[in-house]
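What follows is a set of notes on a single structure, which appears directly below.
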Amino acid sequence: MARTGLDRIWTIPNAISLIRLLMVPIFLWLLVTGNDAPALAVLIIATTSDFVDGMIARKFNQVTRLGMYLDPLSDRLFIAACVIGLAARGLIPLPLLAIVLARDIMLLSVVLYRRLRIADFPRVTFVGKTATFVLFIAFPVVVLGTVWTDAPVPLELIGWILGAIGAAIYWVAGFGYLGVLRRTIPGVPPNSAV
């Protein structure tokens, strides 16, 4: 029986999200090994694909349950890879690494403690999308600072500032998700209007 509607698996946006997910270890390896120009290229492609897959899904009615999970998962993993790789290279302050990772660890802890399923997790909010957007601008700017060393402005510093702003918004979104998760009854999907 063919899958239809939200149950579809093979859609263009899902394929894009899956490819982006597979790019995470490649990006992290390139970044940690100091291949900054290729790492920057992979990061720009991944960041662009994050916005493209959502646009295609909405415009061509290809929104799926799988996509609702794949897209945020690839975002979270890319953000984690960015902060881990940049901190390992000494390109961002360690507190920024801790702040960004602590939010996802907090949410994951609640999910595990309450024995919630992936389907119980609230849908991504506008605040969450904004945080991801700001972080996906901040990290390429930091990497660009290592590639374009004679830039007329201190790109790494600008990246750090954007990263701090993104991390603050990331936590605001995290507290919103936390509130929903605390009210969620395991097995009963939360309201999507979060």
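Here, each number is a calculation from the coordinates, and none is a lab measurement. As the structure is a prediction and not an experimental result, all values here were calculated from the model. Neighbour counts run over all protein chains shown; Cβ positions are idealised from the backbone, glycine included.
Taken over the range 22-42, the residue count meeting the criterion of being in contact (Cβ under 8 Å) with a residue 60 or more places away in the chain and under 19 Å from the mean Cα position of the chain (by Cα) is 3. Can you find a residue in the range 111-130 that is closer than 19 Å to residue 28 by Cβ and in contact with a helix residue (DSSP H, G or I) (Cβ under 7 Å, 6 or more places away or on another chain)? Scanning the range 111-130 turns up no residue that is closer than 19 Å to residue 28 by Cβ and in contact with a helix residue (DSSP H, G or I) (Cβ under 7 Å, 6 or more places away or on another chain). Tell me, yes or no, whether the range 156-179 has at least one residue that is crowded, with 17+ Cβ neighbours inside 10 Å, in a helix (DSSP H, G or I), aromatic (Phe, Trp, Tyr) and in contact with a Ser or Thr (Cβ under 9 Å, 6 or more places away or on another chain). Yes, the range 156-179 contains at least one residue that is crowded, with 17+ Cβ neighbours inside 10 Å, in a helix (DSSP H, G or I), aromatic (Phe, Trp, Tyr) and in contact with a Ser or Thr (Cβ under 9 Å, 6 or more places away or on another chain). Checking 19, 45 one by one, the residue that is part of a helix (DSSP H, G or I), touching a residue at least 24 places away in the same chain (Cβ under 8 Å), surrounded by 14 or more Cβ atoms within 10 Å (Cβ to Cβ) and not basic (Lys, Arg) is 19 and no other. Looking only at residues in the range 48-57 that are of a type outside the set (A, V, I, L, M) and surrounded by 20 or more Cβ atoms within 10 Å (Cβ to Cβ), which one is nearest to residue 141 (Cα to Cα)? The qualifying residue nearest to residue 141 (Cα to Cα) is 50.
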